[in-house]
Amino acid sequence: MQHKDKQLLLAGVAGVVEEVYGRAAAGRLEATLSERLGAQVESLMQKSHPIIGTQATILIADLRGFSALMESLPPIQMADMLNRFFSLMSQVVERYGGVIDKFMGDSVMALFGAPVRRPDDLLRALTCAVEMQQTMADLNRHSEARGEPRLYAGIAVSSGEVMAGSFGSSLYHEYTVIGAPVNLAARIESYALRGQILMSEQTYQAARDHIEVGAVNEVMVKGRSTPVKLYELKAVTHPKLMAVPTIEVRKSPRILVDFPVVFRRVEDKRIHAERYVGKVNDLGYYGMSADLPMILPAYSEILMSLSPELGSDKPVEVYARVLRSRRNKGGYRTNLQFTTIDTPGHKKVKQYVDFVLWGK
């Protein structure tokens, strides 16, 4: 339990007194209880969640490209969209018996199996992830009707042995989990494309009889000396079939181009300072093909600057994720999918494609 729970408990006792004896008496009682019993209540609440080892499933849902989108939104609209996302995701987590562990920037971390463990924790977590993506699809339909930008989430699911309990001090503590599966979930999330659910190998092996998967990729993640297999969840088949909605890639025209692109690598949401130059071969609304001087791992992310080539005096930057890369004439032909949609940079790319095709 969090530190705020103690305050709620003391306030609740005072509230009962207020009904009988009035506000002044309730205030005095709450102050006395806080002074004399605060430490005991704090200790009791910490003891109610001792740190134990347990099996749990960690789910992290993160908005793709929201940081770039913020630059084009008024703060009040940004806050409203983010709260809408948090509210909807929290409702889905609660529906499947999970617990919201924390909100982290523009992501949600949920637990299944802690503090209460059930035999079907893993399956409930995976079904929750599928419904989260279905909910995002519904959210975007409403957003488009209101003329608002679309939001896309990438979701990671990881399972295993964790330490769960009340961590902190007498000044502040909270219930949470720590361990390798938590760290792995955070790493996996960074590889998820918009609308995608990726899971660890341990999660896949435990649930394989009740799910359908798509692509399987091996990637290097921070903190691991060997490649990690990532499995894309396509559907949960038990107790009923629930499929991950396919992100509608509307028929996007592609234009042949030949201009340079400056890019920087992005890792753990940190933009590296070193810049590289490549060459764009074709360009569409949602991605591009480029020849780059280095091979980039699948699902890794880059930030590209296309300003002069798109006829703009101001910086036109778009984030993209690598789909595949292969050697080609001294470089590496790389297919990229934009991770930021409806941002100023992405809109500029679309305008450029439309202008080349139709002069508008």
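The values are calculated or read from the model by the stated rules, or taken from the named source; none is laboratory data. Just so it is clear, the model here is predicted, and its values are computed rather than measured. Cβ: placed from backbone, ideal geometry, glycine included. Neighbour counts: every protein chain shown.
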When you look at Ala215, is it surrounded by 17 or more Cβ atoms within 10 Å (Cβ to Cβ), of a type in the set (A, V, I, L, M), out of contact with any Cys (no Cβ under 9 Å at 6 or more places or on another chain) and closer than 26 Å to Gln337 by Cα, yes or no?
-> no
Residue list for the stretch 174-201, filter: of a type in the set (A, V, I, L, M), surrounded by 18 or more Cβ atoms within 10 Å (Cβ to Cβ) and either part of a strand (DSSP E or B) or modelled with pLDDT of 90 or more (or both) = Val177, Val182, Leu184, Ala185, Ala186, Ile188, Ile197, Leu198, Met199
Any chance Arg194 is without any contact (Cβ under 8 Å) to a residue 60 or more places away in the chain and under 13 Å from the mean Cα position of the chain (by Cα) | no
Could you please find all residues in the stretch 320-344 being part of a strand (DSSP E or B) and surrounded by fewer than 22 Cβ atoms within 10 Å (Cβ to Cβ)?
-> Val322, Leu323, Arg324, Ser325, Arg326, Arg327, Asn328, Gly331, Tyr332, Arg333, Asn335, Gln337
Scanning the stretch 283-311 for residues that are part of a loop (DSSP other than H, G, I, E, B) and hydroxyl-bearing (Ser, Thr, Tyr), the one surrounded by the most Cβ atoms within 10 Å (Cβ to Cβ) turns out to be Tyr299
Within the bounds of the stretch 160-173, is there any residue that is outside any loop (DSSP other than H, G, I, E, B), polar (S, T, N, Q) and surrounded by fewer than 21 Cβ atoms within 10 Å (Cβ to Cβ)?
-> yes
Unmet criterion (only one of (1) outside any helix (DSSP H, G or I); (2) farther than 17 Å from Ser166 by Cα) for Cys128 | (1)
Val356 meets each of (1) part of a strand (DSSP E or B); (2) farther than 28 Å from Ser143 by Cα with one exception, condition (1)
Give the residue that is surrounded by the fewest Cβ atoms within 10 Å (Cβ to Cβ), with candidates limited to residues of the stretch 345-358 that are in contact with a strand residue (DSSP E or B) (Cβ under 8 Å, 6 or more places away or on another chain) and not hydroxyl-bearing (Ser, Thr, Tyr).
-> Leu357
Of the residues Gly147, Gly97, Gly113, which single one is free of Cβ contacts under 8 Å to residues at least 24 places away in the same chain, on the phi > 0 side of the Ramachandran plot and assigned by TED's automatic domain parsing to the domain that holds Glu189?
-> Gly147
Answer yes if at least one residue in the stretch 215-226 is more than 24 Å from Phe86 (Cβ to Cβ) and under 17 Å from the mean Cα position of the chain (by Cα), and no otherwise.
-> yes
